[in-house]
Amino acid sequence: MNIIFLEAVQDHGGARKSTIELAKRLDSETGINTLIVDFYGSNKDFIKDVEQNMVQCRILDKRDQPFIIQDKNKLKELSNYLTFFAERKKLQNKLHKIIDDFKPDFFIVNNSKTLSLIPESANYKKVLFARGWFIPSQISVKDKFVYKKADIFMAVSQSTRQALFSGKMAPLDKIYVVKNGIDLNNPFFKEPKKENDTLTIIHSGSFIAEKGHHITIGISKKLKELGIPHKIYLTGKVHQADGSPEYFREIKKQIVDFQLEDYIEIIANTNNILPYMKQADLFLHPSDTEGLPRVIMEAMALKTLVIANAVGGVTDYVLDGFTGFIADFNNIDHYVELIQDVLNHPERKKQIVENAYALIQDCYSPDSQVNEMKRVLYENMKS
C-alpha cells in the first residue's frame, strides 16, 4: 500500500507534527510506503522535522515563502484565489509526475486547497482527514463542493466526526475516527516531575485570537489581584497570516498595561515546548476551536493538570473532575476558581493527573492509531 500525505504547510504546529508521526509509523509497517508531498517547502521547521523522522518528502514548487490565499481585504483575497488558480496547473503537472513514480493507493489531505489539486483517477482514493473542529454552518459553498470529491472521510475526534456529519459531508457510518497517538516511551515523558515553589502555568497555541492568550492574561491579572504568586509561560508561533503579528503585539501591550511583566514570560516561536510543559503545574487551554489538541495529550503525558474550554475534541479526553477540569467558556472567574481549587486540594490534583496519564496510555497509543488507520484503509481498498 502506497500513501501520499499532500500538504500545503504554512505553519508547523501540532496537526503537522501528528501527520509526520503518522506517516513514519505507517511507513514502519510491512507492506506500507508513505510519502509527504508539500506544495512549497517554505516552512523550514516542517521540512526539518520530516527529515529528522526520516520520512520521504517531495516538494512541488520550492519557495522561500508560502502562497497565502486568506486576507482581511476581500478584494485581495479574491485576487489571491485567481493567482493560485493560474499557478494550479503547474503544481498539478508536477504532482502527476510524482503519481506516475510513486503509484499511490491513497491520498490523505486535511483541507480543500490540497484536495482540489488531486486529479481524478480510479487508481487511488482521496481521504479527507479532518484534524480541526468547525461549526458546520460556517463551511463555505466552495469548500463543500470540494469536500464532496473525497472518497473517504476521517476525523481526529468524535466532535469533528459529528461536525462533518452535521455539515452533510457524508453519512455518519462513513466517517471514521482515527485519534492521535502519543509515544509514552519517549524518555522525556518518563523523567520524574519536579515540584515548584511557585504556581507555574503554561498556555500553548499559535498567537491568534482564537487560541485565547488574552484570556490567560486576564487570569493572571485576577490571580495577581488575589495575591496568588504565579508564573505563566505564554508559548506559541507568530504566523504571517490570520492577524497573528497584530495579535502578538496586542498581547505584549496587555502584559505591560496590566503590569504583569513579573508574572508572564512569552516564549515565541520555539520548536519544543515540552521542557516548559514539564515545569508547569497547570496547562490552560482557553481556545475557541480545536480538533483533538496534541498539546493537551502532551500535558497529560507529562502529568500537568489541564483546565480547558469544552470545544471540539477536548472533551474526548478532558473528563471534568476526573482527567482535568472544564471551565465555563472563556470565563476568567471560573478559571481562577478552578485554579484555587487545585491549590487547595493537592491530593485531588495528584489523582487527576494520574487518571489523565492512564487515559493517554490506554486509549491514545501509537499502536492503536496505526491499527485503526490500517483497518480503515485496507477495508476501503477492497470496496
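The values are calculated or read from the model by the stated rules, or taken from the named source; none is laboratory data. Nothing here was measured: the structure is a model prediction, and the numbers come from that model. We place every Cβ from the backbone using ideal geometry, glycine too, and count neighbours over all the protein chains shown.
Values for this structure:
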item	result
Odd one out for Phe106, checked against (1) more than 22 Å from Leu164 (Cβ to Cβ); (2) touching a Lys or Arg at 6+ places or on another chain (Cβ under 8 Å); (3) not aliphatic (A, V, I, L, M)	(1)
Subset of the stretch 246-288 (residues that are surrounded by 16 or more Cβ atoms within 10 Å (Cβ to Cβ), of a type in the set (Ser, Thr, Tyr) and farther than 14 Å from Ser220 by Cβ)	Tyr247, Tyr276, Ser287
Failed criterion for Ser18 (all others in (1) hydroxyl-bearing (Ser, Thr, Tyr); (2) out of contact with any helix residue (DSSP H, G or I) (no Cβ under 7 Å at 6 or more places or on another chain); (3) crowded, with 16+ Cβ neighbours inside 10 Å hold)	(2)
Candidates Arg63, Arg58 - the one that is assigned to a strand (DSSP E or B) and surrounded by 11 or more Cβ atoms within 10 Å (Cβ to Cβ)	Arg58
Yes/no for Pro119 being assigned to a loop (DSSP other than H, G, I, E, B) and touching a residue at least 40 places away in the same chain (Cβ under 8 Å)	no
Members of the stretch 214-258 found to be closer than 27 Å to Asn80 by Cα and β-branched (Val, Ile, Thr), listed by number	Val238
For Asp367: the one exception among (1) more than 17 Å from the chain's Cα centre (by Cα); (2) in a helix (DSSP H, G or I); (3) crowded, with 16+ Cβ neighbours inside 10 Å	(3)
Residue count, the stretch 169-216 (criterion: more than 30 Å from Lys252 (Cα to Cα) and not basic (Lys, Arg))	21
Residue among Thr200, Thr235, Thr216 that alone is more than 12 Å from Ala280 (Cα to Cα) and in contact with a Leu (Cβ under 8 Å, 6 or more places away or on another chain)	Thr216
The stretch 324-343 residues that are in contact (Cβ under 8 Å) with a residue 24 or more places away in the chain, paired with ones that are aromatic (Phe, Trp, Tyr) and in a helix (DSSP H, G or I) (beta carbon under 7 Å, 6 or more apart)	Ala327/Tyr335
Where a residue in the stretch 23-51 is without any contact (Cβ under 8 Å) to a residue 60 or more places away in the chain and its partner, wherever it lies, is acidic (Asp, Glu) and surrounded by 21 or more Cβ atoms within 10 Å (Cβ to Cβ), with Cβ under 6 Å and at least six apart	Asp38/Glu7
Which numbered condition Asp45 fails, given (1) under 20 Å from Glu372 (Cα atoms); (2) surrounded by 16 or more Cβ atoms within 10 Å (Cβ to Cβ)	(1)
Ile108 touching a strand residue (DSSP E or B) at 6+ places or on another chain (Cβ under 7 Å), outside the structural domain of Val314 (by TED's automatic domain parsing), in contact (Cβ under 8 Å) with a residue 12 or more places away in the chain and under 20 Å from Arg16 (Cβ atoms)	yes
Members of the stretch 240-299 that are part of a helix (DSSP H, G or I) and of a type in the set (A, V, I, L, M)	Ile251, Ile255, Val256, Leu274, Met277, Val295, Ile296, Met297, Ala299
Tally of residues being within 14 Å of Leu282 (Cα to Cα) and assigned to a helix (DSSP H, G or I) across the stretch 322-343	9
Residue that is surrounded by the fewest Cβ atoms within 10 Å (Cβ to Cβ), among those in the stretch 228-245 that are under 21 Å from Lys72 (Cα atoms) and more than 18 Å from the chain's Cα centre (by Cα)	Pro245
All strands (runs of 3 or more DSSP E) inside the stretch 133-227 with 3 or more residues being buried (at least 21 other Cβ atoms within 10 Å of the Cβ), touching a helix residue (DSSP H, G or I) at 6+ places or on another chain (Cβ under 6 Å) and not aromatic (Phe, Trp, Tyr)	199-204
